[in-house]
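The next block holds one structure in the form of structure tokens; read it before the comments.
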Amino acid sequence: MQNKVVVHDPDGPLIKGVTNNFFPNKDKFDVADDTTGEVREVPLVGLKAVFFVKSFEGDQSYEERTDVERTGFGKKIQVDFKDGETLVGYSPGFAKNRQGFFVFPADPESNNDRVYVITEATKDVRFL
């Protein structure tokens, strides 16, 4: 299955493309660039997050809601990244000692289906 992803690398440009070999227990995955089709290997070390998106364009004017209650996605969580961004959603399995963890947005209308957060890129993670 191909997933649309936007990869946030603090030391480089955004990577937009599709992947079919992302696994949270692996240390790298491949992304086929959205515009060129070029496939590149992306290591997880050093990344901020991998955003699994509905569309590459998104809607910059959309204000995500954080007050939506959802069930079946784990515990409600707030992630504060080192770069100042905050993500509120639900996580089925956060553990500080893991390389990363999934967060499902609180807002079902979000352009993100889910986000794989790299633990090293976070400043604070807390349950709400």
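In the stretch 65-98, how many residues are of a type outside the set (Val, Ile, Thr), crowded, with 16+ Cβ neighbours inside 10 Å and under 15 Å from the mean Cα position of the chain (by Cα)?
So the count comes out to 8.
Are there any pairs with C-beta distances below 6 angstrom linking a residue in the stretch 93-109 that is within 21 Å of Glu64 (Cβ to Cβ) to a residue that is at pLDDT below 95 and among the basic types (Lys, Arg), with the two at least 6 apart or on different chains, and if so which?
Hits for this filter: Asp107/Arg65.
When you scan the stretch 5-15, how many residues do you find that are surrounded by fewer than 18 Cβ atoms within 10 Å (Cβ to Cβ) and modelled with pLDDT of 95 or more?
The number of residues fulfilling the criteria is 0.
Test of understanding: among Ser61, Ser55, which residue is closer than 23 Å to Thr19 by Cβ, of a type in the set (S, T, N, Q) and without any contact (Cβ under 8 Å) to a residue 60 or more places away in the chain? Before the answer, list the steps.
Details: Ser61 fails: closer than 23 Å to Thr19 by Cβ.
Selected residue: Ser55, the only one of Ser61, Ser55 that is closer than 23 Å to Thr19 by Cβ, of a type in the set (S, T, N, Q) and without any contact (Cβ under 8 Å) to a residue 60 or more places away in the chain.
Looking for whichever is over 19 Å from Asn3 (Cβ atoms), crowded, with 18+ Cβ neighbours inside 10 Å and modelled with pLDDT of 95 or more here; the options are Val50, Val125, Val115. Which one fits? Spell out how you get there, then give the answer.
Values: Val50 fails: over 19 Å from Asn3 (Cβ atoms); Val115 fails: over 19 Å from Asn3 (Cβ atoms).
The unique qualifying residue is Val125.
The values are calculated or read from the model by the stated rules, or taken from the named source; none is laboratory data. Remember, predicted model here, so these are calculated numbers, not experimental data. Quick reminder, even Gly has a Cβ in these numbers, built from the backbone with ideal geometry, and neighbours come from all protein chains shown.
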